[in-house]
1. Which ones in the stretch 325-357 are under 30 Å from residue 72 (Cβ atoms), modelled with pLDDT under 95 and in contact with a helix residue (DSSP H, G or I) (Cβ under 7 Å, 6 or more places away or on another chain)?
2. Of the residues 474, 531, 489, which is out of contact with any strand residue (DSSP E or B) (no Cβ under 7 Å at 6 or more places or on another chain), aliphatic (A, V, I, L, M) and assigned to a loop (DSSP other than H, G, I, E, B)?
3. Report the residue count in the stretch 183-231 for those that are at positive phi and among the acidic types (Asp, Glu).
4. Would you mind finding the one in 92, 96 that is touching a strand residue (DSSP E or B) at 6+ places or on another chain (Cβ under 6 Å), under 23 Å from residue 398 (Cβ atoms) and of a type in the set (D, E, K, R)?
5. What about residue 203, is it hydrophobic (A, V, I, L, M, F, W, C), at pLDDT 95 or above and surrounded by fewer than 22 Cβ atoms within 10 Å (Cβ to Cβ)?
6. So which of 542, 537, 517 is closer than 14 Å to residue 265 by Cβ and either of a type in the set (S, T, N, Q) or out of contact with any Lys or Arg (no Cβ under 6 Å at 6 or more places or on another chain) (or both)?
7. Output the residue which, of all residues in the stretch 403-424 that are touching a residue at least 12 places away in the same chain (Cβ under 8 Å) and among the hydrophobic types (A, V, I, L, M, F, W, C), is surrounded by the fewest Cβ atoms within 10 Å (Cβ to Cβ).
8. Say we look at the stretch 433-453 and pick out the residues that are within 15 Å of residue 89 (Cβ to Cβ) and not hydrophobic (A, V, I, L, M, F, W, C); which of these is surrounded by the fewest Cβ atoms within 10 Å (Cβ to Cβ)?
Amino acid sequence: MTTKMQRKRSKRITLTAVLMAVMLVASACGGGSGSKGDNWVSIEGRYTPDASTPAWKLDTKEEPTQLTWYVNADWWNTDYGKDVVTKKIKEDLNLDIKFITGDDTKLNTFFAGGEMPDLITTFGINSPVVQKASSWALPLNDLAEKYDPYFNTVAAQDTLKWFQLSDGKTYGYPNYSNTQADYNDGTIPAKTAFIIRKDVYEALGRPDFGTPEEFRSAMQQIKERFPELIPFGFNSIGEGTGSLGDVLQDFIGVPLEDGNGGFYNRNLDDDYLAWLRTLNQVHRDGNISDDSFADDGTAFEEKVKSGKYATILLDGTPQQGGNLQIFMSANPDKAYMAVDGPQSTAGNEPKLNQSGISGWMVSFITKQNADPAKSMQLFTYLLSEEGQMLMNYGIEGETYVKNADGSVQFTPEIKELQQTNADKFKKEYRMGEFMFFGHDKHKAYSEDAFPESIKQMQQWGEGKLVPHFILENIDPDQGTPEARGLTAINTKWNSTMVSMIRAKDDAQFEAILNDYKQFLDSNGWSKIVDIRSEKMKANKEKLGL
């Protein structure tokens, strides 16, 4: 996932507009789940589906297929056929794709106007658009049976089951959907780390940051020895919490559930609050910049790229890999490295999170699709080993080679380009970016899957990942009073967390915290907790936990 992708991950579709759109979709499309009245093209004379062979290798259609693919992200790279990855997709599938991008408003116009693109990629399994997919999308189960049964060979069955709607069919497939088996295999790299510039670390005598006292002292030493640097940085906060909310909670190992297996309010955990009090003291010492609370993703990236932060609690190391590599290449003796950083005051071990089984981007084949057979071939292709290798490493013999032990490495020319010219590497090759159905397990094939700048950070994270499956999709259903209450509470927590860190003294910190607790009570928090606990229980049953 790219840096801009990571910034957008927490974005949620506007409730009122989307609900209106879904109603329009239902009325326009009829709401039948896989009804044969939908656009099911005939493949007679083109090929005969074979469960042992991907359909794209069988299809004899000569003229190129034209598909329009809408991605609900205005930052998505719409180029197609110009870089190594998409040029190969175009060639193998005889397929032309016109990408369209936009935001929620543009997404809604498709539903309202009735003119649907062939493919749609959106975000979040819980959004009304995704939950009502049976009214506007074709079921993957039926598409696979009719056009490409090989899809069931490459798709993760646990993921398909997780995305089933009430009719028992699955309409969308995500990227970065990790199952329990993926965690057990140990092939998923950590994406969170507390990092420090090597020159700062050595100059200060390799200080510890584990306890609140050590952390505060080290930040003061940084300020005195490196006044030109920002002692402590963190991911852009925006409307969320950056890396100071659940990321910090995971870092210090705050429990995922209460003693009875129900929902636990991690924001009010004593261990976590102790660290927020520490950050408040560091801010009062002048060692957290107020600009950091206002910086957007671009401003944060520029500071990473230029090495402006002495230390960073960084979430999304792969997404910042290019920026970290740019700084590392220019300043090899100052490159960022991972150290243990803040630790639990209660003795908990880290519980670092990664993408869960819900994944992130969810892609669909719409009912107005011009050629659902070719579209299903595309889904299968990108999910297959062949497609995954292309998206991660390019073309064998041209951009990478396979070693005798089965590992993969870029050719010397491509490796050098990756390390010295990240922008050109991204534009002309696009390996690691075009990842609609991407999965981290294929990164384990090669030491070249990630830039040199983050390898030590990933090594530091080994053994610290803990699946957060039980916490996925547990929010109240959208459109309910509890959902509205939770939206208000989340907004309140964003401002509360920042205000506590910026509080002028202990008394103001406690006053802000107490105000938040009262806000919970007045916005139906107890009912939200009950709903989340019930959904956690359902998740455990679904996962067999």
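The values are calculated or read from the model by the stated rules, or taken from the named source; none is laboratory data. Just so it is clear, the structure is predicted and the values come from calculations on it, not from any experiment. Neighbour counts are summed over all protein chains in view; Cβ atoms, including those assigned to glycine, are modelled from backbone coordinates with ideal geometry.
1. 325, 326, 353, 356, 357
2. 474
3. 0
4. That would be 96, the only listed residue that is touching a strand residue (DSSP E or B) at 6+ places or on another chain (Cβ under 6 Å), under 23 Å from residue 398 (Cβ atoms) and of a type in the set (D, E, K, R).
5. Taking the combined requirement at face value, the residue satisfies it.
6. The match here is 517.
7. Checking each candidate, the answer is 417.
8. Step by step, filter the stretch 433-453, then rank; the result is 433.
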